[in-house]
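Heads up, the thing below is written out as structure tokens.
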Amino acid sequence: MNLDNRIIGFAATHLLCCLWVLCLLAATCVCSAQVQLPAVNLGETNFEDAFGGPGWLLQEFPEAYVSSELKDSNGKTIPGNNRVTSYSTTTHVAFVTKKRVLGGWLSGEILLPLVDLDVQLANGTSSRVRGLADLTVGTGLQWAPRKIGEGVLVHRMVLDVGLPTGKYSDRRPVNIGNHFVVVNPYYAVTYERKKVEFSTRLHYLWNSANSAPFVGFGIRNMHPGQAFHVNYATSFEVWKNVRLGFNGYWLQQVTDHQINGISVPDSRERTVGLGPGIQFSGRDLWFRLNSYIETDVHNRPSGIKVTFRISKAAWRY
């Protein structure tokens with residue numbers, strides 16, 4: 001099996017890092033708006049996600065996100081003209097060795113996003129920040145494909161950790177870095193039969209506390225809650241090396257945010273993204289273009305996302 005773009009496809013783009021400040025400035029409930037989940041992989045990985053084999057993979061993930069709405073805890077739009085525009089590109093380097101552990105190949109990855117975030121709020125507040133977001137490192141196991149029925153099943157498990165290396169200042173209300181540690185393990189699986197494939201990736205998100213939040217909040221620390229999120233996709237090979245399909249993501253926060261160690265009620269976040277996608281492939285090179293419209297959003301911005309992924313398999317052995 002070729003390495004291709006299928007190995008360790010985690011590419012959380014971080015292009016909405018620290019957008020909790022938007023809700024703070026726009027919402028009426030200050031307490032529930034001071035904390036928000038960090039940006040995670042929502043739809044950045046999709047078609048044929050779990051395939052892989054020994055060698056190197058280089059990927060670049062340009063992405064755009066535009067939101068003109070902020071949603072409250074009931075999913076209703078917060079009044080006013082609030083706009084968030086984010087552009088980012090994430091560099092992803094992954095490596096799968098020939099060393100076997102529990103039947104899978106030992107693997108690792110590094111991701112580093114570059115972000116341009118522009119915020120414009122109805123009350124006249126505007127802010128723009130550019131720079132590097134937090135570095136993510138991960139290690140895991142990639143299993144070889146095996147035949148199941150008339151198709152092929154392949155899967156992968158990875159533990160990713162986001163380190164607080166990104167651009168951050170407690171004097172600035174909008175930041176790109178999180179200033180806390182993010183632990184985000186995932187399990188990816190793909191089943192492919194003839195020209196049809198189905199892929200999904202299941203994540204669990206845990207965050208440490210931020211002990212130096214924006215000084216304007218007047219709080220000692222804030223602790224984002226834990227969350228479950230999943231990507232899912234299906235595609236059909238309409239022509240040789242060309243796939244068309246449908247993809248989506250779902251995020252549900254499962255524990256409350258905390259401020260100064262006290263749980264914040266009605267603060268759990270939720271979002272669902274749905275949309276079409278296309279994949280082109282050649283020898284050791286893949287291009288994917290996917291789009292999402294968000295719906296059923298609670299306690300976070302709601303918008304449109306477009307992702308473009310370039311993958312190159314190299315130095316296979």
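The values are calculated or read from the model by the stated rules, or taken from the named source; none is laboratory data. Note that this is a predicted model, so its numbers are computed, not measured. Glycine also receives a Cβ, built like all others from the backbone with ideal geometry; neighbour counts cover every protein chain displayed. To get the accessible areas, we keep the full protein, side chains included, count just its heavy atoms, and leave off ligands, DNA and RNA. Shrake-Rupley method; radii C 1.70, N 1.55, O 1.52, S 1.80 Å.
Filtered by the rule that a residue be part of a strand (DSSP E or B) and open to solvent by 60 Å² or more (accessible area, probe 1.4 Å), region 229-257 gives TYR232, PHE236, TRP239, LEU244, PHE246, TRP250.
Of the strands (runs of 3 or more DSSP E) lying entirely inside region 91-142, those containing at least 2 residues that are in contact (Cβ under 8 Å) with a residue 40 or more places away in the chain, open to solvent by 30 Å² or more (accessible area, probe 1.4 Å) and closer than 24 Å to PRO62 by Cβ are 126-132.
For LEU153, the stated conditions hold: it is under 19 Å from ALA188 (Cβ atoms), free of Cβ contacts under 8 Å to residues at least 60 places away in the same chain, aliphatic (A, V, I, L, M) and part of a strand (DSSP E or B). Within region 156-204, being open to solvent by 60 Å² or more (accessible area, probe 1.4 Å), assigned to a strand (DSSP E or B), touching a Pro at 6+ places or on another chain (Cβ under 7 Å) and not hydrophobic (A, V, I, L, M, F, W, C) holds for one residue alone: TYR204.
Scanning region 248-267 for residues that are closer than 13 Å to HIS229 by Cα and touching a residue at least 60 places away in the same chain (Cβ under 8 Å) yields GLY248, TYR249, LEU251, GLN253.
Of all the residues in region 279-317, those that are farther than 19 Å from THR89 by Cα, assigned to a strand (DSSP E or B), open to solvent by 40 Å² or more (accessible area, probe 1.4 Å) and hydrophobic (A, V, I, L, M, F, W, C) number 2. For region 68-90, the set of residues classified as basic (Lys, Arg), part of a strand (DSSP E or B) and open to solvent by 50 Å² or more (accessible area, probe 1.4 Å) consists of ARG83 only.
Of the conditions (1) open to solvent by 50 Å² or more (accessible area, probe 1.4 Å); (2) closer than 11 Å to ASP49 by Cβ, SER211 fails just one. Which one is it? Here SER211 clears every test but (2). Can you list residue pairs whose Cβ atoms sit under 9 Å apart, with the first residue in region 190-201 being free of Cβ contacts under 8 Å to residues at least 40 places away in the same chain and the second being part of a strand (DSSP E or B)? Count only pairs 6 or more apart in sequence or on different chains. Pairs that qualify, where the first residue is free of Cβ contacts under 8 Å to residues at least 40 places away in the same chain and the partner is part of a strand (DSSP E or B), are PHE198/VAL189; PHE198/THR190; PHE198/TYR191; PHE198/GLU192; PHE198/TYR232; PHE198/ALA233; PHE198/THR234; PHE198/SER235.
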